[in-house]
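Nothing in this text is a laboratory measurement; each read-out follows from the coordinates by a stated rule. The model shown is predicted, which means the values in this text are computed figures rather than measured ones. Cβ: placed from backbone, ideal geometry, glycine included. Neighbour counts: every protein chain shown.
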Amino acid sequence: MEKASPLIEVLIDNKQKILDSKKYNEVEFEEFINSLMQAENEREKVLKKIKELGRIDIQKLKEDLKISEERLIYNIEYLKELGLLEFIGEISEFYQSIEEKNEKEGLFPNVSIIRDKKICSGCGLCVSICPTNAINFLNDTLNIDDDLCINCGLCYACCHRSFFPKELKTDQEKLDSDKKYLKEFNNYREIYSAQTKDDLIRKVAQDGGIVTTLLKTAFIRKIIDAALVVGVSEKPHEPLPLLIENEEDLLKSAGTRYSNAHALKILQNSKKFKKIAVVGTPCVMEALRKVSVYPLNEPFYNNIALKIGLFCMESFDYEKILDILKNEFLTRRLIIPKEIKKMDINKGRFIIYKNNKDFFDIPIKKIKKYGRFGCFLCDDLTSELSDLSIGSIGSEPGWSTIITRTSKGVDLFQQAFNLKLIEQKKIEEDSKSFITLSKIAKSKLKMYKEIPRQKMIEQDPNVRKNNFQEVPKGYTLEMVKLETQRCLQCGNPLCIEGCPVNVDIPKFIRLLRQEKFSDAINNVKTYNLLPAICGRVCPQEIQCEQTCLLSSVSKPIAIGNLERFIADWDRKSQVKACPDCQAPKNIKVGIIGAGPAGLTCAGELLMRGYDVTIFEAFHTGGGVLVYGIPEFRLPKDIVREEIETLKTLGGKIEYNKIIGKIMTIEDLKSMGFKAFFIGVGAGLPTFIIVTGLSLNGVLTANEFLTRANLMKAYKFPEYDTPIKIGKIVTVLGGGNVAMDSARVALRLGAERVIVVYRRSEKEMPARRAEYHHAIEEGIEFQFLTNPVSFIGDENESVKQMEVIKMRLGEPDDSGRRRPIPIEGSEYKIETDTIIIAIGTKANPILTNSIPELKLNKWGYIETGEHGKTNLEGVYAGGDIVTGSATVISAMGAGKRAAAEIDSYLTEKI
Amino acid sequence: MPYKILEKRELGGSGIVFEMVLETPLIAKKAYAGNFVLVRINETGERIPLTIADYDRERGTITIVVQIAGKSTKLLFHQNVGDSILDVVGPLGNKIHIKKYEYPVVIIGGGVGIAPCYPQAKELKEVGNKIISILGARNKELLFWRDKMGSVSDELIICTDDGSEGIKGVVTEPLKDLLKREKLSIVIAIGPLIMMKYVALTTNGFDGLPKVKTIVSLNTIMIDGTGMCGGCRFPTIDGKIGFACVDGPDVDGHIVDFDNLLKRAKRFEKQEKESLELYDRECKALKKFYKENG
């Protein structure tokens, strides 16, 4: 016998645990292991051959191994998913992105990952598959008992959401001339509208009573001996999957359930039946399809005789159904679940019936937000992988639509007709019904599998490293068309939660998709007055794009790039989008600091009709946007334009005014200012305490970038501010400021630029795009390295930096693993310029001038949730409250504070 | 809002030191001895720190005294009454601590550093201190404000390197005499780094002389003047770091590592020279153009 695979090994090792759980008896266990071993051996053979060939050659594999092409493909997909084909560059993107891999190589992890990535469809199959009964559903969420779990990964292998080769979708039966294909329906034969003729069924049925009638037919004709259907528990409308053994019991299950039933969790109990029918939603059908191939290379359950698929737009967790009733209907009329006879979705409305006459309805879009996350990814309306599919869409009330797909399905339908149990009429391809059905099915199609995330065109790294022009050139219209199609338009969009100012992202993407550009920009500006800036500098990958549901299965939608596109479109258009302003209130509000927080707060207050004056210390506005962020990342024209917008709204800006020096808040109060927002940032540099800090050639990123950006030293001697750049520049730090410094140094003519960071690549807080751009431009990185001392020459100019290697220990307060020096690993780096970019802290100039203002121990201003300080009428936000953070979080704080200032002043005056 | 030049006059006979009175009502209102402003002359200009040499709250003006040293100071010199300066930011830095000392206060001004001594002497005099002023320069052409300083001093000592006026020698010579002569409360020195270094050494209790608290005024390279860039930082002898802009400009002379500062001050020497040469060429070309075109 050949060597047991890791999967067989883990199962045999845990044999007792498996037998104890009573899913398999001794004999069944042996049988299971034997068939699994055959499949595993076949995969092992395929892998070995691929290793020999050094590539995937289906023809050759077919000839040498005598395995059918279909099976070869399924085996190869399986191996690829396991990461075993990485050596020839075949990588599964999804599996690669999983951090919690199985400790043992050659095994999948368990399905907790599917749950955590919010992509679980709730089909319930894993509950049946698990050999130790470790999986169950609690409140519609799958739960894994760690004590029972043996980490065999069978659940993951069977899960239709972990991987699902496209070949599984295309054909479950050989092609014949009766078969038709439409992208939105997949393979089908005919479509009918039908109605039961059975009076008993008609009484309890939702629409045409067709599912029940077909099951009855199947029982009569002995096609099945049991049916897995969904009935209800004692709790009203709580679904309960059941196995029905005779046609009499069928009536119990009639009617549609919109809540998730995890129907397949009882599939295991069907072993005692020889021929069962499964009635279920598209995800249930998809799961059955997957398990017909994986992991045994043959059906895991060989007693499935009939698959009746249901149309499904989306399903709801039971709790959410109750929420819908409570939140969406309660206000209109008291409805308790018990009183509801049935629920229906038809003609774009969600309808609940108290009886046949009394009903209430609301638009479907109102209930979308209650949908299950896993459902937002689904692109199957009509249960494509069934023998026949049934639903109400496309038929008159009291009728059901039927799509026959396989010969089995065609036969059953014919039998029911022959038994005179149904009345039917064909739906022709040119009929209104057909068009409605295909339109709705099409609306459920998802494009993210076909369309890759669109990349912006960028300046060539070799060219751009010598200039200060912007790196990415933005999206073309064509790219916008493609990218917007990738958006899932989730009912409960996580991206909005990920955005610090809660931009209605799906809405503006939808408007972009419809090419309603001015509506789109107006929508964005309702939430965010500075979209051209945010589209460029927000760390989308840890905000909206991180929470985007697509990121669970593919690359997230490029929200930042789309925001940038629409903002730039607006900048170029003649009439700039300008939100509606309220009538002037003639109440003066002072904003201290013209950075992201202050500008946003000013904008919000201007829209509310306040008389706003911004006081700025520098000779130009924008704060970190102008002194910190370089031109090639954020053209300064954009900042200037955004400030111009504020001026057109009536805002005033006073440059060269350091509040706390030239004027105090008290002075401003006596000038009539009624409220203040402090957004002065965290401008003070942090130094690393090593010897040699005062050597020439050692400078802070603040100085370096302020010279280069604000004072335009890159244009010296046209501009008077000088900047000195050495041959080998080292930058200390791993954030955006470090990336900016490194890339500016390169553009100013440094021969080599080395970024020295004490943690590893993974912990780097820099925006990913900037890191990649830096690498493309040839910036070098030395991770897990920390400076020990700066060494100077006889002129007190730096010539070397001594560093020490670090390793990562336990996570610290920030959640990142703490770097620990490795003793004796010191070495020297030749360098003549050292730029320190390891963070900033609070600048006390303003706060010192207001001694009664409450600060925390680091000198940051203490505020309530909405920026309220301990002083009446004084609000604060941005880095001076939080410490160094992002542009967008500062903007969020400015926005919230503006609302708070508004309500304070409204109440007071 | 640009800042108008109301007065301009050359000081002394050197032709390279001049004073300007600027219309800056808000700054004038808050200015005190020890404060400085950052000046950016025009759109392409750099930000240069200049100490406030006098202020008139009622008229809404401040006075700056500048010695031509590089392009920016030369460009400033080329501005005339009625012209405007693009940006003036201030008052920055800490004002000096004004109190009545037990013993006399010695104020030492070297070269253009004489100017910022004036408001210090004036404010200290107003609270009843005995002021002994020492004014030093390379030669008598570089001396100025003798009368102005005299009006706020109880004793005025003048020295020049070449002996063209007053005592021949550097300012530490009369300082040593004073240290030997009487008990002093505090010494304030404003001038070139090298002068301040030696003043601080003289008062540090060596050679049998008494140790006297000494304040020096650092005029380092700056950008923002608010503690942000760290360009003005100076190491202290105990290994700490100070910022001239927010910890100073007036700091304890006995803790400053002058040797390092002397080298830091020269870090843009090459660029400064390049910039000045370019400007001189432009000026020459312009002059020629005006000559040829009337």
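Observations on the structure shown:
- Qualifying aspartates and glutamates (Cα of each under 16 Å from Cα of A:Lys179; at least 8 residues distant if same chain): A:Asp171, A:Glu190, A:Glu384, A:Asp387, A:Asp411, A:Glu428, A:Glu429
- Over chain A: helical MRE at 222 nm, DSSP H runs n ≥ 4 each giving -39500 (n - 2.57), nearest 500: -9500 deg cm²/dmol
- Highest-first arrangement of A:95-106, A:613-624, where packing means the average Cβ count within 10 Å: A:613-624, A:95-106
- Global form of region B:105-217, assessed from the alpha-carbon gyration tensor, a/c cut-off 1.5: oblate
- Remark: relative contact order (chain B) = 16 percent; criterion is Cα-Cα distance under 8 angstrom and separation of 6 or more residues.
- Region B:46-73 and region B:173-240 have Cα centres spaced 22 Å apart.
- Given +1 at the Cβ of Lys and Arg, -1 at the Cβ of Asp and Glu and no other charges, the dipole of chain A around its Cα centre is 2240 debye to the nearest 20.
- Exceeding the 22 Å Cα-Cα cut-off - candidates A:Lys326/A:Lys439; B:Lys29/B:Lys71; A:Lys525/A:Lys647; B:Lys197/B:Lys263; A:Lys661/B:Lys125: A:Lys326/A:Lys439; B:Lys29/B:Lys71; A:Lys661/B:Lys125
- Angle between chain A longest axis and helix A:477-486 axis [Cα atoms, degrees, rounded to 10]: 50
- Of A:Lys23/A:Lys444; A:Lys45/A:Lys555; A:Lys252/A:Lys365; A:Lys442/A:Lys507, those spanning more than 27 Å from alpha-carbon to alpha-carbon: A:Lys23/A:Lys444; A:Lys45/A:Lys555; A:Lys252/A:Lys365
- Region A:193-283: C-alpha gyration tensor shape, a/c 1.5 cut-off, then a/b vs b/c: oblate
- Relative contact order (percent, whole number), region A:4-159, Cα cutoff 8 Å, 6+ residue spacing: 24
- Counting Cβ atoms of other protein chains within 10 Å of each Cβ in B:256-269 and taking the mean gives 3.
- Descending by average beta-carbon neighbour count within 10 Å, the peptides B:279-288, A:218-227 line up as A:218-227, B:279-288, the highest first.
- Principal-axis tilt of helix A:736-747 within chain A, Cα atoms, nearest 10 degrees: 70
- Within-14-Å neighbourhood charge of B:Thr24 [Cβ basis; K, R +1; D, E -1]: +1
- Antiparallel %, DSSP beta bridges [both residues in the protein assembly as shown], to 5: 60
- Shielding of peptide B:217-225 by partners, expressed as the average count of other chain Cβ atoms within 10 Å per residue Cβ, is 3.
- For the listed residue pairs B:Lys168/B:Lys266; A:Lys762/B:Lys266; A:Lys183/A:Lys455, the alpha carbons are over 32 angstrom apart in A:Lys762/B:Lys266.
- Within the shell of other residues whose beta carbon sits under 12 angstrom from the beta carbon of A:Ile422, the net charge comes to +3, with Lys and Arg scored +1 and Asp and Glu -1.
- Near A:Leu11, once Lys and Arg are set to +1 and Asp and Glu to -1 for all other residues with Cβ below 13 Å from its Cβ, the sum equals -2.
- Global form of the protein assembly as shown, assessed from the alpha-carbon gyration tensor, a/c cut-off 1.5: prolate
- Per-residue mean of foreign Cβ neighbours for A:715-725 is 6 (Cβ atoms of other chains, 10 Å radius).
- Highest-MSF residue in chain B out of B:Lys99, B:Lys211, B:Lys270 [GNM, Cα springs under 10 Å]: B:Lys270
- Using Cβ point charges alone (K and R +1, D and E -1), the dipole size of region B:3-92 about the Cα centre works out to roughly 140 debye.
- The tail of the calculated P(r) for region B:25-123 beyond 23 Å holds 29 percent of all Cα-Cα pairs.
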